[in-house]
Amino acid sequence: MSHLVSVIVHTPAHSGLADVLSYESAEILPIGTLVRVPLGKRELLGVVWDASPASDNAIAEKQNGSDTPSSNTALTLRPISSVLGGIAPLNTHWCDLVRFAAHYYQRSVGEVALAALPNQLRELSAEQWTRRLTRQSKAAEPVSPKIFAAPASTPEQAQVLQNIATHKGPFLLYGNTGSGKTEVYLRAAQSQLAKDASAQILVMVPEINLTPQLESRFRERFAPQWGDDCVVAMHSNLTPAQRLKNWLAAHNGQARIVLGTRMAVFASMPHLQLIVVDEEHDPSYKQQEGARYSARDLAIYRGQLENAKVILGSATPSLESWHHSRPATGTTQAGRYMRLHMPSRVGDGALPFVRRVDMNHQPKKTVFSSQLLDAMRERVTRGEQILVLLNRRGYAPVLHCPDCDWKSQCPHCSAFRVFHKLDRTLRCHHCSFTQSVPRACPACGNADIQPLGRGTEQLEEHLGELLSDVRRADGEPLCISRIDADSTRLKGELERQLAEVHAGAVDVLVGTQMIAKGHDFRRVSLVAAMNPDGALFSSDFRAPERLFSLLMQAAGRAGRDTQMQRISPCEMWVQTFHPQHPLFEALKQHDYPAFAAQQLGERQQAQLPPFSFQALVRAEARDQTAAQTFLNAMRDAGAGLAESLQIDIYPAVPMAMQRVANIERAQMLIECQSRKALQQFLSIWHPQVHALRAEHRQIIRWAIDVDPLAI
Ligand code: ADP
Ligand code: ZN
Ligand code: ZN
């Protein structure tokens, strides 16, 4: 007797295949079972799926039009090849999360589901799989009764933990850097485990290699009682074998704590009871390709689904989360999140004093103001460390000929190639096109071509000269180091460089935003931000929000050692041409609420998120007009529906980075006051306009980004 099973496999949205395929099986297979199925001549990993939800099938039928491969007609059902037995099926909550994410972000369930599973699952044969499972079950180790002695909570921490224990959430934990948020996560996880020994906790961080200490903090806290395997990592730097191992540990409930990047939001965790999203404002929670999901937003959804508590933590919350956690006023309702505040630093360390240097009063072409240089000299001779933040790598963003005005334009992109002095190259940061630096101007032959503007390489070099006469407290010359995407290209290099800073071997660290995040550098007493003015006048409405949080984070690197603070109060310096700008005023006061109120006011006036909801359609073609014509055709096709749902579709425009690698890019913004209406619109419109592509043969790629972060 054979049974009909529905299976999802990795099919991109609108690949012409149905979302859910049908097969035959000798046994009844529960939903969520991992199987291998034949498709054409290939054999693919699949997940047994519930065929009934109308939403999956409505789209599937639409796509399963006349020209689709007919390997799956109802009459000639093929049997599934094998079942990956020995483990529990993926549970209903997991399937629901995948279904929701696929629907919300306009992708196929197969794509979302299979992308969330470790790659190695696809590659293992049935025998390899069995062997793999045997090895995994052997890996389980004994548990010792030791308990780690955690520090007593501060009153603020105790208050917050009390709230987390007694309310449903979701919670926005708004606490300064160093206020003890991580300690709150650890405690909340501990009490969850104390209540239920099978509990699982998901802790998400933006970029795991930037927070090397976090994993050891969790391990140190939980391994004594729960064993070394109780904390597993989940991020893209793991080897395929590690990833499968950790995935299995989470899936079979052995891992108590899963620590990961955005992909971990899809970890299979049957006993999930607590989700932490640390640095919840960080843009890297948004996936930028394929299914463009927001792991933070999915965490909230998943928490609801699984009845798990969700804590979003940040010193500078996203304006979305800040808005969602607004307290009730006389006239307005409170937001959906509960806001918890920890204003003080543990040990009462002060936040750095912010100094703004007005660059209008500096001699022309000044890089480091003399005041800043003096302060740096003084501190390094006392053995303190300094961070210099500049969000631009390379030596100079442009190479320029003063005679004929030639610039190092990338021939393939609408961008300049960056001058890298160390290897004497001109490199495009968008398409990677690299050439060695020409000896003379390619246009007029002038031998005197010059760098324009500056990047981290140049700052490092420049500081070396300016501070060449300074000696460390031990009489040795200064060590000036640089951390950015270039210096850390080799595997392990970032960890090595960070370890050097921690060990105190580095006196001055120059770097991009990579140095601003999460690190617990103990001896840093001065942080300098070099001309961050660009973001003040950017066309991206989120640029000020990002700048403010970057500067607050960077400031948070200073003064983490309270003893040192007593001798030498820490400072943050900002060199700017706009010292009076409200953003810097708020920074000076460490007043995130004031900054947020001002920004939210502007957003409300302009009806921008979180007061409206957006989706962005991007199209790429060799030709800008072709890309725009396609988008505008989609716009016309949706005009009636959009009007009835009160949705605005703006005409197509070139993207800010219009051309990358000789591909022209255009975008079209869709906006609505109601998230629900926007979702309704997309789910009807998207399958319809998909057919339009056949008439626009020049289109290379196109995609919808729901809740886009960059416009
Ligand atoms: P955040 O995550 O908010 O930056 P952390 O949790 O890392 O803050 O805490 C900052 C520092 O204070 C860490 O070195 C941590 O070990 C210490 N700390 C946190 N909570 C306590 C506490 N209750 N008692 C003593 N030290 C604490
Ligand atoms: Zn020239
Ligand atoms: Zn390029």
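No lab work stands behind these numbers, since they all come straight from the coordinates. Keep in mind that what you see is a predicted model, and the values were worked out from it rather than measured. Counting neighbours? That spans all protein chains shown, and the Cβs are built from the backbone with ideal geometry, glycine included.
Tabulated data
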| quantity | calculated |
| --- | --- |
| Cβ-Cβ FRET estimate between D469 and K365, R0 fixed at 22 Å, reported to 0.05 | 0.55 |
| Three-way shape label, the range 77-116, alpha-carbon gyration tensor, a/c 1.5 | oblate |
| Whole-number Å³ per residue for the convex hull built on Cα positions in the chain | 189 Å³ |
| Point-to-point label distance, Q589-K41, nm (Cα→Cβ direction, 7 Å offset) | 7.0 nm |
| Candidate aspartates and glutamates for bridging to K364, where Cα separation is under 18 Å - those fewer than 8 sequence places away on the same chain excluded | D533 |
| Angle between the chain longest axis and helix 493-502 axis [Cα atoms, degrees, rounded to 10] | 50 degrees |
| Whole-Å semi-axes of the range 531-602's equivalent ellipsoid (Cα gyration tensor) | 25, 13, 10 |
| The range 576-620: C-alpha gyration tensor shape, a/c 1.5 cut-off, then a/b vs b/c | prolate |
| Table column - 3J(HN,Hα) (Hz), the range 182-195, Karplus curve with 6.51, -1.76, 1.60, x for Gly and Pro | 4, 4, 5, 4, 4, 5, 4, 5, 4, 6, 5, 6, 5, 6 |
| On Cα atoms only, tilt of 295-306 relative to the major axis of the chain in degrees | 50 degrees |
| Two-decimal log10 I(q)/I(0) for the range 476-584, as the Debye equation yields it once each C-alpha is a single scatterer, q = 0.19 Å⁻¹ | -1.06 |
| The chain, helix-only ellipticity at 222 nm - DSSP H runs n ≥ 4, -39,500 (n - 2.57), divided by all residues, nearest 500 | -10000 deg cm²/dmol |
| Convex hull per residue volume in Å³, alpha carbons only, for the range 280-364 | 222 Å³ |
| The range 580-661 - Rg and Dmax from Cα coordinates, angstrom | 18.4, 50 |
| Residues listed by number, the range 375-390, amide nitrogen under 16 Å from N209 label point at 7 Å toward C-beta | none |
| Per-pair calculated FRET efficiency, R0 = 22 Å: K407 and S436 via Cβ, rounded to 0.05 | 0.80 |
| Exceeding the 27 Å Cα-Cα cut-off - candidates K309/K676; K491/K588; K421/K588; K309/K491; K181/K588; K245/K517 | K491/K588; K421/K588; K309/K491; K245/K517 |
| Compactness of the range 403-549, expressed as Rg and Dmax over alpha-carbon positions, Å | 18.1, 52 |
| Nearest-0.05 FRET efficiency for S82 and Q563, computed from C-beta distance (R0 45 Å) | 0.15 |
| DSSP bridge pairs, the chain: antiparallel proportion in percent, nearest 5 | 50 percent |
| Folded to 0 to 90 degrees: helix 92-104 orientation relative to the chain principal axis, Cα | 70 degrees |
| Sum of side-chain charges, I480 neighbourhood, beta-carbon under 11 Å (Lys, Arg +1; Asp, Glu -1) | -3 |
| The range 534-688: Cα Rg divided by the 2.2 N^0.38 Å rule of thumb | 1.42 |
| Three-way shape call for the range 311-432 based on the alpha-carbon gyration tensor, with the a/c threshold at 1.5 | oblate |
| In nm, spacing of pseudo-spin labels at A606 and K491 (7 Å Cα→C-beta vector) | 4.3 nm |
| Cα-projected label distance for S539 with E695, points at 7 Å along beta-carbon direction, nm | 2.9 nm |
| The range 368-476: Rg to Rh, with Rh as the Kirkwood radius over Cα pairs | 1.10 |
